[in-house]
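Let me begin by presenting the structure, written as structure tokens, before commenting on it.
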Amino acid sequence: GLDIPLLKQEIEHLIAVHPQVMEFLTALKHAGKRTALVTNAHGKSLQIKMRRTQLGPYFDFIISSHELSLPKEDIRFWNKLQHRVPFEANNTLLIDDSLPVLRAAKHYGIAHLLAVYQPDTRRPAKDVGEFTAIRSFAEIMPG
């Protein structure tokens with residue numbers, strides 16, 4: 001019964017792009033890589049985030065888990081995504097800040113997984129479990 005879009009609008013000023021993300025996505029494009037934003041965010045929240053960050057043009061695909069009726073933590077999500085946006089699991093890099101999402105992707109067979117130590121730059125670094133993690137997108141900048 002919560003009005004999530006209204007709540008997101010109230011905290012919209014806190015929505016920000018991580019340092020070096022735009023440069024990273026630009027470098028991927030120049031390297032000929034396809035990029036996809038795959039999120040559990042509801043479509044209305046996603047619209048607010050895209051308006052605030054202006055990241056939309058950097059992605060070839062933007063998919064909300066709500067479109068597939070399964071969260072990213074569910075291994076069946078990845079199969080549905082595969083049918084929607086075909087990808088080669090052994091050549092795919094997934095960067096996520098959720099350990100359950102990374103574990104589901106690993107179970108599905110996505111070969112290259114990275115966690116993010118500090119998804120919210122205003123908070124301390126978090127436990128990344130068994131996954132390799134990055135502090136900055138500069139660490140994995142192509143070329």
task: On a C-alpha basis, how far is the centre of region 10-88 from the centre of region 115-136 in Å? Whole number, if you could?
output: 18
- request: Enter the accessible area per residue of the chain (Å², integer; probe 1.4 Å; all protein chains in place).
  value: 61
task: Averaging sequence separations of C-alpha pairs under 8 Å and six or more residues apart, then dividing by the length of the chain, give the relative contact order as a whole percent.
output: 21
- line: With only helices counted (DSSP H, runs n ≥ 4, each -39500 (n - 2.57)), the per-residue ellipticity at 222 nm for the chain, to the nearest 500, works out to -10000 deg cm²/dmol
DSSP-defined antiparallel bridges as percent of all bridges, the chain, nearest 5: 0
- prompt: So, by mean Cβ neighbours within 10 angstrom, what's the order for 31-38, 123-130 with the highest one leading?
  reply: 31-38, 123-130
field: Principal axis dimensions, largest first and in whole angstrom, of region 17-89 by Cα
entry: 32, 29, 16
Kirkwood hydrodynamic radius of the chain, from inverse mean 1/r over distinct Cα pairs, in Å: 16.1
query: Of all accessible surface on the chain at a 1.4 Å probe, what whole percent is carbon and sulfur?
result: 54
- line: Taking the dipole of the chain about the Cα centre (Lys, Arg +1; Asp, Glu -1; charges at Cβ), the one of P57, S69, A16 that reaches farthest to the positive side is P57
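The values are calculated or read from the model by the stated rules, or taken from the named source; none is laboratory data. The structure presented is a predicted model; accordingly, all values stated were derived computationally and were not measured. Neighbour counts run over all protein chains shown; Cβ positions are idealised from the backbone, glycine included. Side chains are part of the model used for accessible areas, which takes the heavy atoms of the whole protein and leaves out ligands, DNA and RNA. Shrake-Rupley method; radii C 1.70, N 1.55, O 1.52, S 1.80 Å.
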